[in-house]
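K.L.:
Pasting a structure here, questions to come.
The values are calculated or read from the model by the stated rules, or taken from the named source; none is laboratory data. What you see is a predicted model; the values in this text were computed from it and never measured. Every residue, glycine among them, receives a Cβ derived from its backbone with ideal geometry; neighbour counts consider all protein chains shown. Just so you know, the surface numbers come from the protein's heavy atoms only, side chains and all, with ligands and any DNA or RNA stripped out. Shrake-Rupley method; radii C 1.70, N 1.55, O 1.52, S 1.80 Å.
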Amino acid sequence: MPLSTGRVLAAAGLIGGVPGAALVLLLATDTLPPLPGLAALGATAAASLALARIWLGNLRQLSDALRQAADEQGPVPALEGPLLLPSVAEIGEAARRLTRTLASQAEQVARLRQADAAIIERLPDPLVVLDEAGAPLRANGAARRLFGGGGGVPGSDLAALLRHPALAEAVAAARAEGEPQRADIALPVPVPRELTVHAVPLHPPLSDGGRLLLLLSDRTRDRAVERMRADFVANASHELRTPLASVIGFIDTLRGPAKDDAEAQARFLGIMADQADRMRRLIDDLLGLSRIEVTEHQPPTGRVDLAALATAEAEAMAPILAQRGATVALALSPAAVAAPADAGQVGQVLRNLLENAARYGREGGTIRLSVAPAETGTRWPARPGVVLSVADEGPGIPRHHIPRLTERFYRVDRGRGRSIGGTGLGLAIVKHIVNRHRGVLLIESEEGVGSTFRVWLPAEASAEAG
Ligand SMILES: Nc1ncnc2c1ncn2[C@@H]1O[C@H](COP(=O)(O)OP(=O)(O)OP(=O)(O)O)[C@@H](O)[C@H]1O
Ligand SMILES: [Mg+2]
């Protein structure tokens, strides 16, 4: 846009007004001769006009540059042409520096915003950001894994969580009081879950408008462990209390009514010995179980010749087998070598399985104990290794009990199990030992036919390769 003539004239008037008026006065009073006086007046006017043009032009350039920078949100462009007013050049330079600083600050803010989003996304705990209205804005990766949903968008399960009265209450309280609130929530569907949610109000809000942060922690596993521990303590004390009560009862009887009855004394002492033995075994098993659990995450290191071990264990079991009139049929492959494996623990697996087969198998039946390299190509096991199996001809185990047999204290027929002397820990021990060996336990049973317990264990690397 060209400079307007009016402005130029006005500016020239400001610059040359005073000297021009002085010259006119001198001319009018004949103090100056007319010719030089008029020449001086003309020169003053011309110089004023020229200065005014330059002055206004420079200022116009500066304001255009600033306007352009503001419109484009970019840097201030360099001023062109001669800048006769040095201050204009300085102002231009200062403005350029200012815009550079602003630009780098904006870049920093953008980076911080990205960092915000990245931190929330990457945190291992599930986080959900709610907007002013309490609607979910963003859920991080952990929250999406917990609730479904993708691309930062919360899934539909989250809607169910947000509708939960306890959470809604915590969110409302967090907003009203401006302080973090906590809610414990149990979600029954799609899978039962227990969550602890912390609702943290955000002042000031996040760059994306997030007003409230929900920190979720999945307590399902912890709660299950707590319950298991409580059950365990209750079970263990119950299992100990029964024989203890019976021992105490017999002591009272021996001191009182049976004081002089030698025959009754002998009988009661026998029962007491049995009960004491039962308590000792229970404590041994519990200690053994916790020892195995402690080392469960450390794989064993030795190698175990299963054929030799099975022979030894079957021989050691002879008295118990004889009691039940059972015989053991061995089918042992010398190639069955488990590794890495712990001989003591694999021996314990064999003992517990043989003892069960003797105890719960058919009286006078046959127990088939076999060890062999795993047959590959069959449905189970899918991997090369070794398999030991103990099969009995007992009444079998109803199908719905099978998945629970390895739970501590689990007995199919509680009354009968106890009368036979079982504590329900044998298979729990087997399971933990097999887990430590990174093995697999498979229980198959047909009612009226018998039960087969199979354990797959990893074999030595060379055997596995062959
Ligand atoms: N071979 C089997 N045939 C039928 N039932 C079995 C057999 N093995 C185990 N069971 C059932 O599984 C339950 C759990 O077995 P487990 O070995 O864990 O405990 P237990 O034999 O009762 O006691 P423990 O082994 O600690 O002395 C048994 O009580 C029994 O009901
Ligand atoms: Mg047992």
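K.L.:
To the nearest 20 Debye, how big is the dipole of the chain about its Cα centre, given +1 on the beta carbon of each Lys and Arg and -1 on that of each Asp and Glu? Before the final figure, lay out each step's value.
P.N.:
Working: 50 positive and 51 negative charges, 42 e Å.
For this selection, approximately 200 debye.
K.L.:
Taking the Cα-to-Cβ direction at residue 168 and at residue 87 and moving 7 Å from each Cα, how far apart do the two end points lie in nm?
P.N.:
Result: 6.7 nm between the two label points.
K.L.:
Related question: At a threshold of 8 angstrom on Cα-Cα distance, excluding pairs fewer than six apart, so keeping six or more, what relative contact order does the chain reach in percent? Numbers along the way, then the final one.
P.N.:
On the way: 677 pairs, mean separation 39.0, N = 466.
Once normalised by length, the contact order is 8 percent.
K.L.:
Per DSSP helix of 4 or more residues, -39500 (n - 2.57); summed, then divided by the residues of the chain. What does that give at 222 nm, rounded to the nearest 500? Walk me through the numbers before you get to the answer.
P.N.:
Numbers: 14 runs with 257 residues, N = 466.
Here the helix-only value at 222 nm equals -18500 deg cm²/dmol.
K.L.:
Does anyone have the angle between helix 426-436 and the longest principal axis of the chain? Alpha-carbon axes, 0 to 90°, nearest 10?
P.N.:
40
K.L.:
Per residue, how large is the accessible surface of the stretch 168-281? Use a 1.4 angstrom probe and give square angstrom. Walk me through the numbers before you get to the answer.
P.N.:
Numbers: 7030 Å² over 114 residues.
Here the per-residue accessible area is 62 Å².
K.L.:
To continue, here is another question. Label residue 191 and residue 255 with points 7 Å out from Cα along Cα→Cβ: what is the distance between them in nm?
P.N.:
The two pseudo-label positions are separated by 5.5 nm.
K.L.:
Take the Cα of residue 105, step 7 Å along the line toward its Cβ, and report every residue of the stretch 55-78 whose backbone nitrogen sits under 20 Å from that point.
P.N.:
66-77
K.L.:
Towards the positive end of the charge dipole of the stretch 221-298, with charges on Cβ (+1 Lys, Arg; -1 Asp, Glu), say which of 287, 246, 232 has the farthest Cα.
P.N.:
232
K.L.:
Given points 7 Å out from each Cα along the Cα-Cβ axis, report the residue 184 to residue 24 separation in nanometres with one decimal.
P.N.:
That separation, rounded to one decimal, is 9.6 nm.
K.L.:
Answer with one residue from 202, 142, 174: the one whose Cα lies farthest towards the positive end of the charge dipole of the stretch 123-218, charges on Cβ with Lys, Arg +1 and Asp, Glu -1.
P.N.:
142
K.L.:
What net charge is computed for the residues neighbouring residue 3, neighbours being all others with C-beta under 10 Å from the C-beta of residue 3, Lys and Arg scored +1, Asp and Glu -1?
P.N.:
Details: positive: 7, 53, 60; negative: none.
Once all neighbours under 10 Å are counted, the net charge is +3.
K.L.:
Using a Förster radius of 25 Å, what is the FRET efficiency between residue 400 and residue 240 based on their Cβ-Cβ separation? Nearest 0.05, please. Each step should come with its number before you reach the end.
P.N.:
Values: r = 28 Å, r/R0 = 1.14.
The pair residue 400/residue 240 has a calculated efficiency of 0.30.
K.L.:
Then there's this: Roughly how many percent of the accessible protein surface of the chain is carbon and sulfur, given a 1.4 Å probe and a whole-percent answer?
P.N.:
The computed percentage sits at 59.
K.L.:
Full extension from residue 94 to residue 413: what is 0.36 nm times the residue separation minus their Cα-Cα distance, to one decimal in nm?
P.N.:
Numbers: separation 319, 0.36 × 319 = 114.84 nm, distance 9.14 nm.
Going from the current span to full extension adds 105.7 nm.
K.L.:
All other residues with a Cβ under 13 Å from the Cβ of residue 125 taken together, and with Lys, Arg as +1 and Asp, Glu as -1, what is their net charge?
P.N.:
Values: positive: 122, 144, 145, 219; negative: 121, 218.
Local charge sum for residue 125: +2.
K.L.:
How far is helix 306-316 tilted off the main Cα axis of the chain, in degrees rounded to 10, range 0 to 90?
P.N.:
Value to nearest ten degrees: 50.
K.L.:
Please work out whether the stretch 286-413 counts as rounded, prolate or oblate from its C-alpha gyration tensor, where a ≥ b ≥ c are the square roots of the eigenvalues and a/c under 1.5 means rounded, while otherwise a/b larger than b/c means prolate and anything else oblate?
P.N.:
Numbers: a/c = 1.38, a/b = 1.18, b/c = 1.17.
Rounded is the answer for the stretch 286-413, as its axis ratio a/c remains below 1.5.
K.L.:
Continuing with the same structure: How high is the FRET efficiency between residue 39 and residue 71 when r is their beta carbon distance and R₀ equals 51 Å, given to the nearest 0.05? Each step should come with its number before you reach the end.
P.N.:
Numbers: r = 47 Å, r/R0 = 0.93.
The value I calculate is 0.60.
K.L.:
So how tilted is helix 5-28 from the main axis of the chain? Cα-based, degrees 0 to 90, rounded to 10.
P.N.:
Taking Cα atoms only, the helix is inclined about 30 degrees.
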